[in-house]
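Heads up, the thing below is written out as structure tokens.
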Amino acid sequence: MMPTTSQPLPPRPPEDQRRFEDALRDVFEERIAFNRILGFTIESFDPVEPRVRFDMRPELVGHFLFGRLHGGVTSAVLDATAGFALMCAIADKHRDEPAEQVMHRFARMGTIDLRIDFLRQGIGEHFHAAARITRLGGRIGSTQMTLENDAGLLIATGSASYVLS
């Protein structure tokens, strides 16, 4: 007996994809208060490597003499970016479902483990964070993340695991 191969799902209809992106942008940029404080803007919903951006502001400084990004901000940004990446990957995996149904899948997500490697001082006018999924299971997801400044210098990397359901 020959194994069956599953056919990839067709893309989500454009109108449903727009509704999903609008809903996820609202949740990620506005409804998650800490993300709003950080000033996140979604740059890409690409399920392979979604990206966010935020501007340097005095409230995010950790070293007052040098104006460096606070290490806790770096950690929080990478954690949130990884969660966003998992949301995009889950939405892509379940693109046969309406946007509203997919949004309900995110209700119980939470960080299990987070590791951050601080590589350079967080100096820049703005920063870009990206994440990619290393494993997307039914209950656990794993990611790798990067944070770069506006000059393209790698500031920090991270890896994390999340409970999905």
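Points to keep in mind about this one:
- Residue 72 falls short on exactly one of the conditions (1) without any contact (Cβ under 8 Å) to a residue 40 or more places away in the chain; (2) more than 16 Å from residue 146 (Cα to Cα); (3) not in a loop (DSSP other than H, G, I, E, B), and that condition is (2).
- Top-ranked residue of region 119-133 - restricted to ones that are assigned to a loop (DSSP other than H, G, I, E, B) and out of contact with any Gly (no Cβ under 8 Å at 6 or more places or on another chain), ranked as surrounded by the fewest Cβ atoms within 10 Å (Cβ to Cβ): 125
- Those residues of region 89-111 which are buried (at least 16 other Cβ atoms within 10 Å of the Cβ) and either within 12 Å of residue 165 (Cα to Cα) or modelled with pLDDT under 90 (or both), in sequence order: 90, 95, 97, 99, 102, 103, 105, 106
- Residue match in region 44-58 (condition: assigned to a strand (DSSP E or B) and buried (at least 20 other Cβ atoms within 10 Å of the Cβ)): yes
- Which listed residue is surrounded by 15 or more Cβ atoms within 10 Å (Cβ to Cβ), under 30 Å from residue 65 (Cβ atoms) and not charged (D, E, K, R), from 86, 114, 136: 114
- Subset of region 61-83 that is under 16 Å from residue 111 (Cβ atoms) and not hydrophobic (A, V, I, L, M, F, W, C) - its residue that is surrounded by the most Cβ atoms within 10 Å (Cβ to Cβ): 81
- Considering region 86-116, and only residues there that are free of Cβ contacts under 8 Å to residues at least 40 places away in the same chain and assigned to a helix (DSSP H, G or I), the residue that is farthest from residue 135 (Cα to Cα) turns out to be 101.
- Matching residues in region 147-158 - criterion: being part of a strand (DSSP E or B) and without any contact (Cβ under 8 Å) to a residue 24 or more places away in the chain: 148
The values are calculated or read from the model by the stated rules, or taken from the named source; none is laboratory data. Computed from a prediction, not measured in an experiment: that's the story for all the values here. Neighbour counts are summed over all protein chains in view; Cβ atoms, including those assigned to glycine, are modelled from backbone coordinates with ideal geometry.
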